[in-house]
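The structure under discussion appears below in the form of structure tokens.
Each reported figure results from applying straightforward, stated rules to the coordinates on display, with no laboratory input. Because the structure is a prediction, the values reported are computed rather than measured. All Cβ positions, glycine included, derive from the backbone under ideal geometry; neighbour counts span all protein chains shown.
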Amino acid sequence: MFQGIGVSPGIVIGKALLLDPNDVEVRRLKVQENHVEREVERLRGALHRTKDEIFELKRKVSSEMGERQAAIFHAYLMFLDDPTLIVETSEQIRREKLNAEWVVQQFLERYVALFEAAQDPALRDRYVDIRDVGRRLIRNLSNSKAETLALLDKPVIVVARELGPSETAQMDLSKVMGFATDAGGRTSHTAIMARTMEIPAVVGLESLSHRVKNGDILVLDGTNGTVACNPDKKELALFRQKQRDLQAQEQELKRLRRLPAQTKDGTRVILAANIELPEEARQAVGRGAEGVGLFRTEFLFLNRNNLPTEEEQFEAYRLACKICHPHPVVIRTLDIGGDKFLSHLGMASEMNPFLGLRAIRLCLAHPYIFKVQLRAVLRASHFGKVKIMFPMISGLEELRKALALLREVKQDLQKRQIPFDAGMEVGAMIEVPSAALTADLLAKEVDFFSIGTNDLIQYTMAVDRANERIAYLYDPLHPAILRTIQGVIHAAHQQKIWVGLCGEMAGDPLFTLILLGMGLDEFSTSAVSIPEVKRMIRSVDFSDARRIAREVLELSSSSEIREYLAKAVSFKLEGDHPK
Ligand code: PEP
Ligand code: MG
């Protein structure tokens, strides 16, 4: 049994197929003076071919998996187009009179080392992408064919040392039952693609590809992150049983999709989805989401060299509305800064970007960018049910500035007779402690609140949300966090406005009862979590959830709370089955 990291859930049993993408051995060769220019030309030709191939893959992935998955290939094209690559490598070829393969390989190794040294795990995982595009370039240079698996005849479990997105995208995925790789992390693009295609996958298996032979029987468990090789009959029967149980659970969750998010005694809440690109709303609606509770619009702004136009934004917002109709879409205005940057804006580097010119602060500092977005959102509101909310609000004055700009844009549209929904709801995200503490004041100015616990926890606990070393402090069940959430819900209800929660906390069934009991009106989470959360909601009486919330709020530490909740929740999970 090999233990790795499960990155795409599900159990599959099948034959192993080994794929070794490192098939080109690169040697250091001297070239004669009069062949140096030919070498540079060869490199240019290979760059062209690689770009053509990537372009083709981008098109394929975009139509099969959606724009978001295809965006990685946009980054590949930018890398291949980066003048540093061609300038540095051709200079070295000329200066040292070396073959192009060797020089390119050296360049790639330097590049990969930069990523491998990165602190941020998501950035670190990008080294796989650089190696992927690099292997393709070197293959094209040396005219060697890759083992593409484009034409598989039987279903297999693909085993590889490492798999890049372009290698994954090229496979006939209808024949791939699962992926198992020695390298890679949760945020690698291959992991993301596997999740999109709902193919079980385990990464980080270290030496699996050396220990498995073609045709070995593998049991891959993408939920627990294990791979068993040639299990005996008894073990195999156990795995088959587990697989059947999982499938039965899936069926049950599918059934749940059509049922309302309502407690046993009839208290109704809204379960909505978080999306980053409009097409994702489709999967969300398919999983039973009643609209979108958080559209993170910054993803329309990332991975490009310019700002999206009003028209582009309008089309994206309108598409999300169309998919969700008749349910609403809550569009969050641009949240750049923190860990997401636009290099072309020439933003000054900051000591503490999470405490810096981020989100609404950046928008108020660049009203031109903000107003274009407000116009696009307002125009889309004519075509569906749109609500808008501002991220990182820290207090009343900031909120009023944002509202004033919104009024200005509305007046301008009115003057130009461009239609929009004059009654569009406006909300404030509550994710900064100062906003939570003045929620009673903010509630008078908006139609709703959306609690962003991802940031609220980081700012309340003074713990960087992406720092693994202090992750133990990042705890949604800390009494300070629960009291804050309770206070915000109370302040909202006093003013008769509704309140949602759109941080990761909304998607964990362990927290559902307590949030429900505190009176939360809307849960917004990633599409995959919706059925589980709904199941939890449907398993209780509202009065029980209220009692649980009350009792939890009297406990004094996260560990006591966790213990209490685990008991309440396991009783629910094993006991009642929702009707
Ligand atoms: C949050 O902070 O909880 C949130 C939903 O926003 P983001 O994760 O995009 O910062
Ligand atoms: Mg946030």
Item to check | Cross-link table Lys58/Lys322; Lys51/Lys154; Lys340/Lys371, entries beyond 23 Å C-alpha to C-alpha | outcome: Lys58/Lys322; Lys51/Lys154
Item to check | Sorted by Cβ neighbour density within 10 Å, fewest at the top, the residues Ile86, Ile54, Ile192 | outcome: Ile86, Ile192, Ile54
Checklist entry - In nm, to one decimal, how far is the modelled label at Lys97 from the one at Val528, with both set 7 Å along Cα→Cβ? => result 5.5 nm
Checklist entry - Where does the charge balance sit around Asp335 when Lys and Arg score +1, Asp and Glu -1, over other residues with C-beta under 15 Å from its C-beta? => result 0
Checklist outcome for this item: With -39,500 (n - 2.57) per DSSP H segment of 4 or more residues and division by the full residue count of the chain, the 222 nm estimate, nearest 500 deg cm²/dmol, is -15000 deg cm²/dmol
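May I ask you to compute the full-extension gain from Ser570 to Arg186, defined as 0.36 nm times their residue separation minus their alpha-carbon distance, rounded to one decimal in nm?
Working: separation 384, 0.36 × 384 = 138.24 nm, distance 2.71 nm.
Net length gain for the segment: 135.5 nm.
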Item to check | Rough spin-label spacing in nm, given labels placed 7 Å along Cα→Cβ, for Ser556 and Arg44 | outcome: 7.6 nm
Item to check | Reduced Cα scattering model of the range 32-184, Debye log10 I(q)/I(0), q = 0.18, 0.21 Å⁻¹ | outcome: -1.15, -1.41
Next on the checklist: Counting other beta carbons within 10 Å of each residue's own, what order do Leu300, Leu114 fall into, fewest first?
Outcome noted: Leu114, Leu300
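Need one word for the range 460-539: rounded, prolate or oblate. Basis is the Cα gyration tensor (sqrt eigenvalues a ≥ b ≥ c); a/c below 1.5 gives rounded, then a/b vs b/c decides. Could you put the intermediate results ahead of the total?
Values: a/c = 2.07, a/b = 1.20, b/c = 1.72.
Taking the square roots of the gyration eigenvalues as a ≥ b ≥ c, the range 460-539 is oblate.
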Checklist entry - Antiparallel DSSP bridges in the chain: what percent, to the nearest 5? => result 30 percent
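Calculate the FRET efficiency for Val87 and Lys444 from the Cβ-Cβ distance with a Förster distance of 60 Å, rounded to the nearest 0.05. Kindly include the intermediate steps, with their values, before the conclusion.
Working: r = 59 Å, r/R0 = 0.98.
Efficiency for this residue pair is about 0.55.
Starting from the Cα-Cα distance between Leu345 and Arg110, subtract it from 0.36 nm times their residue separation and give me the gain in nm to one decimal.
Numbers: separation 235, 0.36 × 235 = 84.60 nm, distance 2.73 nm.
Roughly 81.9 nm would be gained on extension.
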Checklist entry - Roughly how many debye, to the nearest 20, is the charge dipole of the range 271-424 about its Cα centre, given +1 on each Lys and Arg Cβ, -1 on each Asp and Glu Cβ, and no other charges? => result 400 debye
Checklist outcome for this item: Computed ³J(HN,Hα) along the range 91-108: with the Karplus parameters 6.51/-1.76/1.60, θ = phi - 60°, integer Hz and x for glycine or proline, the list is 5, 5, 4, 5, 5, 9, 6, 10, 5, 4, 4, 5, 5, 5, 4, 5, 4, 5
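So what is the relative contact order for the chain, in percent, with contacts set as C-alpha pairs under 8 Å and at least six apart?
On the way: 1078 pairs, mean separation 75.6, N = 579.
After rounding, I find 13 percent.
In the range 1-77, which GluC sites (Glu not before Pro) fall in coil by DSSP and have 10 or fewer other Cβ atoms within 10 Å?
Passing sites in the range 1-77 are Glu25.
Nearest 0.05, what FRET efficiency do Arg27 and Asn224 give at R0 = 35 Å with Cβ-Cβ as r?
Details: r = 42 Å, r/R0 = 1.21.
After rounding, the FRET efficiency stands at 0.25.
Give the residue list of trypsin sites (Lys or Arg not before Pro) in the range 253-353 that are DSSP loop and have at most 15 other beta-carbon atoms within 10 angstrom. Present the calculation step by step, with values, prior to reporting the outcome.
Details: sites: Lys254, Arg255, Arg257, Arg258, Lys264, Arg268, Arg282, Arg287, Arg296, Arg304, Arg318, Lys322, Arg332, Lys340; in loops: Arg257, Arg258, Lys264, Arg287, Arg304.
Counting only loop positions with at most 15 other Cβ atoms within 10 Å, the trypsin sites (Lys or Arg not before Pro) in the range 253-353 are Arg257, Arg258, Arg304.
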Checklist entry - What is the distance in Å between the Cα centres of the range 476-549 and the range 291-312? => result 28 Å
Item to check | the chain - charge dipole about Cα centre, Lys and Arg +1 at Cβ, Asp and Glu -1, debye rounded to 20 | outcome: 1080 debye
Item to check | Footprinting exposure proxy for Ser142, Ser343, Ser450 (fewest neighbouring C-beta atoms within 10 Å first) | outcome: Ser343, Ser142, Ser450
Checklist outcome for this item: By the C-alpha gyration tensor axes a ≥ b ≥ c (rounded if a/c is under 1.5, else prolate when a/b exceeds b/c, else oblate), the shape of the range 306-416 is prolate
Checklist entry - Counting pairs of alpha carbon atoms under 8 Å apart in space and at least six apart in sequence, what relative contact order in percent does the range 344-469 give? => result 23 percent
Next on the checklist: Please report the spacing between the Cα centers of the range 404-472 and the range 243-280 in Å, no decimals.
Outcome noted: 27 Å
Checklist entry - Angle between the Cα long axis of helix 310-324 and the longest principal axis of the chain, 0 to 90 degrees, nearest 10? => result 70 degrees
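In percent, how large is the relative contact order of the range 427-579, given Cα pairs closer than 8 Å and 6 or more residues apart?
Numbers: 229 pairs, mean separation 32.7, N = 153.
Relative contact order comes out at 21 percent.
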Checklist outcome for this item: Quick calc, Glu563 & Asp172: beta-carbon distance into FRET formula, R0 35 Å, rounding 0.05, result 0.10
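Quick check: net charge around Ala439, other residues with Cβ under 12 Å of its Cβ, Lys/Arg +1 and Asp/Glu -1? It would help to have the intermediate numbers written out before the result.
Numbers: positive: Lys444; negative: Glu431, Asp440, Glu445.
Local charge sum for Ala439: -2.
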Checklist entry - Between the DSSP loop rule and a limit of at most 10 other Cβ atoms within 10 Å, which trypsin sites (Lys or Arg not before Pro) in the range 416-471 are left? => result Arg416
Checklist entry - So what J values fall out for the range 31-38 if you push phi through Karplus, 6.51 cos²θ - 1.76 cosθ + 1.60 with θ = phi - 60°, rounded to Hz, Gly and Pro as x? => result 10, 6, 3, 6, 9, 4, 5, 5
Checklist entry - Rounded if a/c is under 1.5, else prolate if a/b beats b/c, else oblate: with a ≥ b ≥ c from the C-alpha gyration tensor eigenvalues square-rooted, which is the range 427-579? => result oblate
Checklist outcome for this item: Karplus-derived 3J(HN,Hα) from phi for the range 383-389 (6.51 cos²θ - 1.76 cosθ + 1.60, θ = phi - 60°), whole Hz, x at Gly and Pro, runs 10, x, 8, 10, 10, 10, 9
Checklist entry - At q = 0.07, 0.12 Å⁻¹, what log₁₀ I(q)/I(0) does a Debye calculation on the Cα points of the chain give, no solvent, two decimals? => result -0.48, -1.30
